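Read through the structure below, which is laid out as structure tokens, and then see the notes.
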Amino acid sequence: MALPFARSFCSCRWGAKRLGGAAAEARRGFSFKLDERTAHSSLALFRGDTGVKYGIVGLEPTKLALNVERFREWAVVLADTAVTSGRHYWEVTVKRSHQFRIGVADVDMSRHSCIGVDDRSWVFTYAQRKWHTMLANEKAPVEGIGQPEKVGLLLEYEAQKLSLVDVSRVAVVHTLQTDFRGPVVPAFALWDGELLTQSGLEVPEGL
């Protein structure tokens, strides 16, 4: 189940509004946009909040609206829709960035941390032309994917799995075993270029 969320450090409120019946949801797929409230000051959203660009200087933090949602120290942005059950799939165009992390995170992860650094986020990271998994600041290499233009992510909540998908072959490249304890959201970090997300997709046949 995917739910739009609103949260604060003092309370966590979950909307009960469904996105439609189960059949319609399966047909439509999991949809989200990037949440500007969470975006670090060096990040700018574009294309209807489905893409994110990195700027070395970025926005002056004092000119941004104060809120407890925003990441303060790392170039991270979260999606605006949480997942509490089901199998969900989305794609990320990565060809214009050479240093990024993509995955999922607890909605309540610390805004002073970075995805992949703590044990409440699960990511695939790309840097220096190499892929790794990353959890609690521990890395493990991922082989056999190179730098494609686009990759897919398959989230299986009940199975506690997050998989990196080779879109060209529609095949799982690597699977992270997770430990979800509550709602999670798609999460992104980057230090150059841009990422573009595509959601609302059905899980491809064969995955």
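Worth a mention:
- When we screen Val203, Val172, Val185 for residues that are part of a strand (DSSP E or B) and either in contact with a Gly (Cβ under 8 Å, 6 or more places away or on another chain) or open to solvent by 30 Å² or more (accessible area, probe 1.4 Å) (or both), the only hit is Val172.
- Every residue from the stretch 82-121 that is open to solvent by less than 10 Å² (accessible area, probe 1.4 Å) and over 26 Å from Pro141 (Cβ atoms): Ala82, Val83, Val107, Arg111
- Hey, Leu190 modelled with pLDDT of 95 or more, over 27 Å from Ser85 (Cβ atoms) and either acidic (Asp, Glu) or buried (at least 17 other Cβ atoms within 10 Å of the Cβ) (or both) or not: yes
- Residue ID - most open to solvent (accessible area, probe 1.4 Å), chosen from residues in the stretch 154-169 that are under 19 Å from Asp119 (Cα atoms) and part of a strand (DSSP E or B): Lys161
The values are calculated or read from the model by the stated rules, or taken from the named source; none is laboratory data. Remember, it's a predicted structure, so these values are computed and weren't measured experimentally. Reconstructed Cβ throughout: ideal geometry from the backbone, glycine too, with neighbour counts over all protein chains shown. The protein model used for the area step is the full one, side chains on, heavy atoms only, and it has no ligands, DNA or RNA in it. Shrake-Rupley method; radii C 1.70, N 1.55, O 1.52, S 1.80 Å.
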